[in-house]
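Structure record follows, encoded as structure tokens.
Please treat every number below as a calculation from the coordinates, not as lab data. Since this is a predicted model, take the numbers as computed values, not measurements. Don't worry about glycine lacking a Cβ; one is built from the backbone with ideal geometry, like all the others, and counts go over all protein chains shown.
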Amino acid sequence: MYLKKLYINGFKSFAEKTEVIVENGITAIVGPNGSGKSNISDAIKWVLGEQSAKSLRGGKMDDVIFAGTEKRMPLGYAEVNLIFDNESGQIPLEYKEVSIKRKLYKTGESEYYINKQQCRLKDIKELFMDTGIGREGYSFIGQGRVEDILSPNSETRRQVFEEASGIVKYKTRKEESERK
Ligand code: ATP
Ligand code: MG
């Protein structure tokens, strides 16, 4: 399973619907300072449920919506759609391709979709749990994450291994049932 493509529309500097093809293998995104490279990784994190505006390098959540420039009007919503190849069936859905979308309106209203069906953020999180792809998954190695993997603190390292071994789902369910 891998991220094949993303569509970004109205998210940060992407005022126009933009298709980013990543496909299998290595994709490097290059460009001058301020051209939107980090905005692409922010977009991926955002769809996977990032709720902290600070982690997305903003002050408040609606800062992710295109704010306009001298030549362009601000937009009313931001939308990002991730397309995963699921030939391997690693995402537990009967589809060869899985699309995950998040949309946020200026009014604060937020929507999530799995294959065009509206869903809760919880459904997206569960779908990707133990695949390594979540917002906190080991597939996202941001600044500071390398230290977690090499951390002398065994608890921090353990979290990385638990995700990789696929038991986070069961731990989360156990914690949830204990809370009830
Ligand atoms: P660097 O090489 O310096 O890391 P980068 O390519 O990673 O640069 P980004 O941080 O992705 O650049 O993009 C920053 C640009 O995105 C800035 O020009 C900023 O004005 C623009 N930007 C961020 N949020 C918004 C928004 N809500 N509306 C419009 N533009 C935005
Ligand atoms: Mg950057």
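Computed values, structure above
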| item | result |
| --- | --- |
| Residues whose placed amide H lies under 5 Å from that of Phe14, excluding near-sequence neighbours | none |
| Kirkwood-type radius of the stretch 141-180, with distances r between different C-alpha atoms, in Å | 11.3 Å |
| Degrees, to the nearest 10: 37-47 long Cα axis against longest axis of the chain | 60 degrees |
| J(HN,Hα) series, the stretch 162-168, from Karplus relation 6.51 cos²θ - 1.76 cosθ + 1.60, nearest Hz, glycine and proline x | 5, 5, 5, 8, x, 10, 4 |
| Summed side-chain charge close to Gly58 - residues other than Gly58 whose Cβ falls under 11 Å, Lys, Arg +1, Asp, Glu -1 | 0 |
| Glu19 versus Asp148: modelled label distance in nm, points set 7 Å from Cα along the beta carbon direction | 3.3 nm |
| Spatial separation of Cα centroids for the stretch 59-124 and the stretch 23-58, in angstrom | 13 Å |
| Placed amide H near Cys119: partners under 5 Å, 5+ positions off or other chain | Tyr112, Tyr113, Ile114 |
| For the stretch 71-178: rounded, prolate or oblate by the Cα gyration tensor [a/c cutoff 1.5] | prolate |
| Compactness of the chain as Cα Rg over 2.2 N^0.38 Å, two decimals | 1.08 |
| Computed label-point distance, nm, for sites Lys37 and Glu155 using a 7 Å Cα→Cβ extension | 3.6 nm |
